[in-house]
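Below is the structure I would like to discuss, written out as structure tokens.
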Amino acid sequence: MLSAEAYGKIIVKRKWITLLLGILFTILWVMGLSGLSINPDNRIFFSKDNPQLVALETLERTYSRDDNVYMVLAPKSGDIFSPHSLEATRELTERLWKTPFSSRVDSITNFQWIRADGDDVTISDLVEKGNISSSIAENARKIALNEPLIKNLLVNSESSVAGINVNIIMPEDPIASGGATIEIMKFIRYEQKRFAEKWPDIDLYVSGGVPLTLAFTEVSMKDISTLLPITLLVIFIIAGVALRSITAAFLTAFIAIISALGMMGASGYMGVIINAVTSNAPLMLLILTIAHCVHIISTQRQQMRKGKDKSHAIIESLRVNIQPVFITSATTSVGFLSMHFSDSPPFRELGYMLAAGNLIAFVNASLVLPSLLAILPARVRQTEISIADSLMTRLGDFVVSKQKILFRVTGILVVVFLFGISYIKLDDTWTTYFGHEFEIRSHSDFLEDNLTGLNVIEYSVPSGEEGGINNPEYLANLDKFANWYRDQDGVNHVSVISDTIKRLNKAMNGDDESFYRIPENRELAAQFMLLYELSVPFGLDLNSRINVPKSATRMTVSVQHASSAHLRGLDEKAQVWLSDNIPSFQTIGSGLSVIFAHLSERNINSMLFGSFIALVIISLILILAFRSFTIGIISLVPNLFPAAMAFGIWGYFVGEVGIAIAVVGAMTLGIVVDDTVHFLSKYLRGRKELGKNPEDSVKYAFSTVGFALLVTSVALVGGFMVLASSGFRVNSDLAQLSMITIALALIADFFFLPPLLVKLENLISKS
């Protein structure tokens, strides 16, 4: 088997050949870039066996797969029912029928107004074509504000804003759906611009499922274009300052870049689809790659300061670093691969990408980097006394002299931070994933603040028989269920066909208010339904609300500013209420909001198993690497607590845990163990190779690798700090918690691991 020293000699002797081999390796991977594709569909967050997704897809097959664009008109006058505002609303409503893939457009102007007309019933647009007089406008106001079908859905109770909802039928193919999203939003933005020019006194806000879907892609592109360059700059500055060499900084950045390119190419070969989560894989790999480079370069420069020439310094650096760098690459990749157990596919793919990328980075750091170090000139003054070396020597002395008190203090801190976990609650709001710098966020907030909720719970309510939706008992129970929901906190609107039937019954009885109820006769209800279907224009019928055999109907509950916990709670309460009151209606709530509401909980449960698997595999790797069961297990101790402590700090200061946080524990376990491996490798070298006692071996580890650990941890924290500024909250939360975990891990490796090692060695010697 080739030793690390022999490998180093080959690299130095065959530097041009090994460099060419590394370049060919990179080119091979980069060729896979053509296989990458982008999918903006927010449904990519859900696994195919997700029960809420299965329920939604069943509902959509029964009725239709509806998505939407929701536009809100807000006149600066504060009156949506002025003739001027109604004219603008009507014009925009008519134009939006041309939206690509649209199936229906609803607004206050084309609302199908049902009324008695002598002995007949008339159904027509609330605001018909022609001039809109003040009297027509006031009549529209009176009707709309007393109509449960549209109040708090298409117009608010203050008459200050109105909504236009465009129903979209998206292609089922994900790639086609992505193209459709872009086409739709191109049209909508054109209309948005045109409207602003023609009606400058009316503000227009755009939200809904389609704009939110596109926002996932836009935030990805923004992060790539802005955060990647910043991350590279951070890497360059940290490497340059820490290693005191511009050449070293350039080399570190170069290795990071070709590793990221290689990873993206490998992802193309794997058929990975780029989305808002996976788009930040290059940024994360740039951050991770710096650790390999810093350890190899810093050891080389350290050896040159001691008098060795460049070639021998490189060989020595590879001799002492190649094994720990390989081990850390393996453990880090295991941490990322544990994300395979995530219930959310984007996080699985992120794990695959980073695991592959990390191994590619190892190859580049151990092949391309030393070849370039051997080729390029290096100037290090042999008499140079490093401030960093001096600092680490003093820190090592301090830790050894204060080991007992440090052991106790860190133990107390662990207990205090762990207690914060009790304050954590599973909560998430997918409509707030985007930062306020994105238009979609401010527009969505305006919609929810002033009109209706973006979060909906969908039910397919069964009647138990073909044509059963005309059964008065079924309609009455449906009405009870809808009314129960209207009494719940946060619910601002319920769309249900029983309201239409009641309105028709009233109109057929001379608009007598006492007939605003479900008809007692089944045939009469069927006639009302047929009358409505025959009377309304194409596209405004009930086809999307009733299944073909007329055995079930769709009920949609809109909830304002709903968190995941609130949505889960509402659906759970609904299931209990149905079980107690209408058992035949038992049906699972669905909709994108509901799926997201359950996703964080499902993701945490799935990742607990993933974290356990990662822990077992990493333990085995460390036991085999150090050839010691005791050292292998001990190495894990300072790395089990940082993630838990980070969650505790998160509990104290944030409290809410969402979809991204679930993967942090397993992911960071593979990252933070790296510092421990490097520290232990130097500690064991001091014990076995140099014959030092435990205390002196701790000092030796600090003097040889302490500064490198500090630099790599600062680089990781700095890099994740850049990612924390992402406008996509999923990425931001993941980055913030990772930062805290990495910082705590360094503290544990510096102030907890050394006392633990000395204490263990002393116990062994006494036994």
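Each reported figure results from applying straightforward, stated rules to the coordinates on display, with no laboratory input. These figures come from a predicted structure and were not determined experimentally. Note: ideal-geometry Cβ built from the backbone for every residue, glycine included; neighbour counts use all protein chains shown.
From the helices alone, meaning DSSP H stretches of at least four residues, give me the mean residue ellipticity at 222 nm for the chain, per-run term -39500 (n - 2.57), in deg cm²/dmol to the nearest 500.
Numbers: 26 runs with 474 residues, N = 767.
That calculation yields -21000 deg cm²/dmol at 222 nm.
Please compute the length gained on full extension between Phe612 and Ala476, using 0.36 nm multiplied by the number of residues separating them and subtracting their Cα-Cα distance. Working shown, then result.
Numbers: separation 136, 0.36 × 136 = 48.96 nm, distance 5.11 nm.
Result: 43.8 nm gained on full extension.
Which whole-Hz ³J(HN,Hα) couplings does region 459-470 yield from phi under the Karplus relation 6.51 cos²θ - 1.76 cosθ + 1.60, θ = phi - 60°, glycine and proline marked x?
10, 9, 9, x, 9, x, 7, 5, x, x, 5, 8
Still on this model: What Kirkwood hydrodynamic radius, in Å, does the chain give when the mean of 1/r is taken over all pairs of distinct Cα atoms and then inverted? Before the final figure, lay out the partial values.
On the way: mean 1/r = 0.0340 Å⁻¹.
Here the Kirkwood hydrodynamic radius works out to 29.4 Å.
Taking the alpha-carbon distance from Lys129 and a cut-off under 13 Å, which aspartates and glutamates remain once sequence neighbours fewer than 8 residues away in the same chain are dropped?
Glu87, Glu91, Glu94
Can you sort Glu197, Glu128, Glu439 so the residue with the fewest Cβ neighbours within 10 Å comes first? It would help to have the intermediate numbers written out before the result.
On the way: Glu197 8, Glu128 12, Glu439 16.
Result, fewest neighbours first: Glu197, Glu128, Glu439.
Hey, can you grab everything whose amide H is under 5 Å from the amide H of Arg517? Only 5+ residues off in sequence or another chain; H modelled, so Pro and N-termini drop out.
Lys506
Under the Karplus relation 6.51 cos²θ - 1.76 cosθ + 1.60, θ = phi - 60°, what is the ordered set of whole-Hz ³J(HN,Hα) values for region 7-22, x standing for Gly and Pro?
4, x, 5, 5, 4, 5, 6, 10, 4, 6, 5, 5, 5, 4, 4, x
Relative to a virtual label point 7 Å from the Cα of Asp541 in the Cα→beta-carbon direction, which members of region 462-479 show backbone nitrogen distances below 18 Å?
467-470
A further question on this structure: Just to confirm the number: angle between the C-alpha axis of helix 522-535 and the first principal axis of the chain, 0 to 90 degrees, nearest 10?
Helix 522-535 sits at roughly 80 degrees to that axis.
When only Cα pairs under 8 Å and 6 or more residues apart are kept, what is the percent relative contact order across region 66-200? Mind dumping the intermediate values first?
Values: 186 pairs, mean separation 48.4, N = 135.
Reported as a whole number, the value is 36 percent.
Tell me, rounded to the nearest percent, the portion of alpha carbon pairs in region 66-200 spaced more than 18 Å apart.
57
Pulled fully out, how much extra length does the chain show between Lys573 and Asn693, if you take 0.36 nm times their separation in residues and subtract their Cα-Cα distance? Numbers along the way, then the final one.
Numbers: separation 120, 0.36 × 120 = 43.20 nm, distance 6.45 nm.
That pair, Lys573 and Asn693, stretches by 36.8 nm at full extension.
With the Cα gyration tensor of region 122-175 in hand, convert its eigenvalues to equivalent ellipsoid semi-axes via √(5λ) and list them largest first in whole Å.
On the way: eigenvalues 167, 44, 23 Å².
Ellipsoid semi-axes (Å, largest first): 29, 15, 11.
Moving on to the next point. If each of Ser514 and Asp201 carries a label point 7 Å out from its Cα toward its Cβ, how far apart are those two points in nm?
4.6
In a Debye calculation with equal point scatterers on the alpha-carbon sites of region 439-589 and no solvent, what is log10 I(q)/I(0) at q = 0.17 Å⁻¹?
Evaluating at q = 0.17 Å⁻¹ gives log10 I(q)/I(0) of -1.03.
Let me ask something else. Could you pull out every residue, at least 5 positions away or on a different chain, whose amide H is within less than 5 Å of the one on Ile38? Hs are placed 1.01 Å off N in the peptide plane, and Pro or chain starts have none.
Residues meeting the criterion, in which the H sits 1.01 Å from N, are Ile274.
Right, something else. Taking +1 at the Cβ of each Lys and Arg and -1 at the Cβ of each Asp and Glu, which of Val698, Ala562, Thr89 sits farthest along the dipole of the chain towards its positive end, judged by Cα position relative to the Cα centre?
After comparing all options, I get Val698.
Still on this structure, I have one more. Take the residue pairs Lys193/Lys222; Lys404/Lys688; Lys425/Lys759; Lys98/Lys502 and return only those whose Cα atoms are more than 29 Å apart.
Long pairs (Cα-Cα over 29 Å): Lys425/Lys759; Lys98/Lys502.
Ranked from highest to lowest mean number of other Cβ atoms within 10 Å per residue, what is the order of the peptides 539-546, 62-69? Working shown, then result.
Details: 539-546: 16.4, 62-69: 18.8.
So the order, starting with the most tightly packed, is 62-69, 539-546.
If you don't mind, there's one more thing I want to ask. Could the peptides 629-636, 105-112, 82-89, 458-465 be put in order, highest first, of the mean number of other beta-carbon atoms found within 10 Å of their residues? All intermediate terms of the calculation are to be shown ahead of the outcome.
Numbers: 629-636: 16.8, 105-112: 24.0, 82-89: 21.2, 458-465: 19.5.
Ranked from most to least packed, the peptides come out as 105-112, 82-89, 458-465, 629-636.
Something else: Leu454's amide H: which non-local residues (gap 5+, or another chain) put their own amide H closer than 5 Å, with H modeled 1.01 Å from N in plane and none for Pro or chain starts?
Correct list: His561.
Okay, next question. Please give the helix 403-419 orientation as an angle from the longest Cα principal axis of the chain, in degrees from 0 to 90, rounded to the nearest 10.
10
Right, here's the next one. Work through the residues other than Gly435 whose Cβ is under 14 Å from its Cβ and net out their charges, Lys, Arg +1 and Asp, Glu -1.
-3
Where does the charge balance sit around Asn275 when Lys and Arg score +1, Asp and Glu -1, over other residues with C-beta under 13 Å from its C-beta?
Values: positive: Arg43, Arg348; negative: Asp41, Glu218, Asp223, Glu349.
Once positives and negatives cancel, what remains is -2.
Would you kindly derive the ³J(HN,Hα) couplings of region 104-113 from the backbone phi angles with the Karplus curve 6.51 cos²θ - 1.76 cosθ + 1.60 (θ = phi - 60°), listing them in order in whole Hz, with x for Gly and Pro?
Working through the residues one at a time gives 6, 10, 10, 8, 5, 6, 9, 4, 7, 7 Hz.
Next up: What's the angle, to the nearest 10 degrees (0 to 90), between helix 83-96's Cα axis and the longest principal axis of the chain?
Tilt of helix 83-96: around 70 degrees.
If you don't mind, another one. Could you tell me which of Ser177, Ser267, Leu620 has its Cα farthest along the dipole of the chain towards the positive end, charges placed at Cβ (Lys, Arg +1; Asp, Glu -1), taken about the Cα centre?
Leu620
Treat every Asp and Glu Cβ in region 83-229 as -1 and every Lys and Arg Cβ as +1, leave all other atoms uncharged, and give the resulting dipole magnitude about the Cα centre to the nearest 20 debye. All intermediate terms of the calculation are to be shown ahead of the outcome.
On the way: 15 positive and 21 negative charges, 68 e Å.
Charge dipole, region 83-229, about its Cα centre: 320 debye, nearest 20.
Run the dipole for the chain about the Cα centre, Lys and Arg Cβ at +1, Asp and Glu Cβ at -1, nothing else charged, and hand back the magnitude in debye, nearest 20. Don't skip to the answer; put the middle values down first.
Details: 63 positive and 71 negative charges, 1068 e Å.
So the dipole magnitude of the chain works out to roughly 5140 debye.
Among residues other than Val559 whose Cβ falls under 11 Å from its Cβ, what is the net charge (Lys/Arg +1, Asp/Glu -1)?
Working: positive: none; negative: Glu448, Asp489, Asp571.
So the environment of Val559 carries a net charge of -3.
Another one. At a Förster radius of 45 Å, what calculated FRET efficiency corresponds to the Cβ-Cβ distance of Lys550 and Phe653, to the nearest 0.05?
Values: r = 54 Å, r/R0 = 1.19.
Here the calculated transfer efficiency is 0.25.
From the Cα trace of region 262-409, what convex hull volume per residue do you get, rounded to a whole Å³? Mind showing how you got there, number by number?
Working: hull volume 23.5 nm³, N = 148.
Considering the Cα atoms of region 262-409, their hull volume per residue is 159 Å³.
Then there's this: Using +1 at the C-beta of Lys and Arg and -1 at the C-beta of Asp and Glu, which of Ile327, Ile235, Gln302 has the Cα lying farthest in the positive direction of the dipole of region 186-329?
After comparing all options, I get Gln302.
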